[in-house]
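Reviewing the structure listed below.
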Amino acid sequence: MQRLSLLLLLVLGCATTQPSETPSASGARGDAADAGAKATAAGASGPSATASIEPRSDSTLTGTSQWTTVDGGLGAHVEVQGAAPGLHGVHVHEKGDCSDPKALSAGPHYNPNMGAHHGGPATPVRHGGDLGNIQVDSSGKGTLDVVVADVTVDDPANGIVGRAIVVHEKTDDLQTDPAGNSGARIGCGVIQRSTP
């Protein structure tokens, strides 16, 4: 039942309209990743995970994330509220530890392809945890739907369970190491396997 609910959330989340942007114009994730998220959400077929995102660095941001195995990779649906309007970088970080007030305990970006440079969800070279940017509207709410390849829910070699999702204060430029110049960590949540 929970898997069906997650699938419904992903499908509904993908139907949410967002301004169309290109990476060169704004640093958003781009049309290719957006189309991939919409096309594959219906293909959800494997294990799933969730995280509750809590404020860090004196922010008021809160949110949730849902993750599921889909055709083509790992589907992520992220919702936030209480954030400043604009684009905010979103990443999976190495450690599932959000205990530090600035989320520094979450460590660096999750990078199972050691040596890879920072990028975006659709760039050929990227960290496994590079999810792009979430667009936050004037009410402080935002939604991100993206599918990323080469990571899974809980495979020991490339899984996200036990790691942290982090929302940053600034736009991710999708290229500069180590974190796309995306600034402070304003939200953090530990990713946990969903129970059936």
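The values are calculated or read from the model by the stated rules, or taken from the named source; none is laboratory data. These numbers come from a predicted model, not from an experiment. Counting neighbours? That spans all protein chains shown, and the Cβs are built from the backbone with ideal geometry, glycine included.
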| query | Assuming Asp71 fulfils every condition listed in (1) in contact with a Pro (Cβ under 9 Å, 6 or more places away or on another chain); (2) acidic (Asp, Glu); (3) modelled with pLDDT under 95 apart from one, which condition is it? | reply | (1)
| query | Where residues in the stretch 175-188 are aliphatic (A, V, I, L, M) and at pLDDT 90 or above, which of them is surrounded by the fewest Cβ atoms within 10 Å (Cβ to Cβ)? | reply | Ala184
| said: Please count how many residues of the stretch 93-104 are over 15 Å from Ser52 (Cβ atoms) and of a type outside the set (D, E, K, R). | reply: 3
| field | Enumeration of residues in the stretch 122-150 that are at pLDDT 85 or above, buried (at least 24 other Cβ atoms within 10 Å of the Cβ) and over 18 Å from Cys188 (Cβ atoms) | value | Asp145, Val146, Val147, Val148
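When the stretch 117-165 is examined, which residues are found to be hydroxyl-bearing (Ser, Thr, Tyr) and not in a strand (DSSP E or B)? Spell out the reasoning first.
First, pick out the residues of the stretch 117-165 that are hydroxyl-bearing (Ser, Thr, Tyr): 123, 138-139, 143, 152.
Thr123, Ser138, Ser139 - these are the residues of the stretch 117-165 that are hydroxyl-bearing (Ser, Thr, Tyr) and not in a strand (DSSP E or B).
Suppose we keep only residues that are of a type in the set (Gly, Ala, Ser), touching a Leu at 6+ places or on another chain (Cβ under 9 Å) and assigned to a strand (DSSP E or B) within the stretch 60-113. Which one would you say is surrounded by the fewest Cβ atoms within 10 Å (Cβ to Cβ)?
Going through the qualifying residues, I end up with Ser65.
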| query | Which numbered condition trips up Val153, out of (1) modelled with pLDDT under 90; (2) more than 27 Å from Thr60 (Cα to Cα); (3) of a type outside the set (Ser, Thr, Tyr)? | reply | (1)
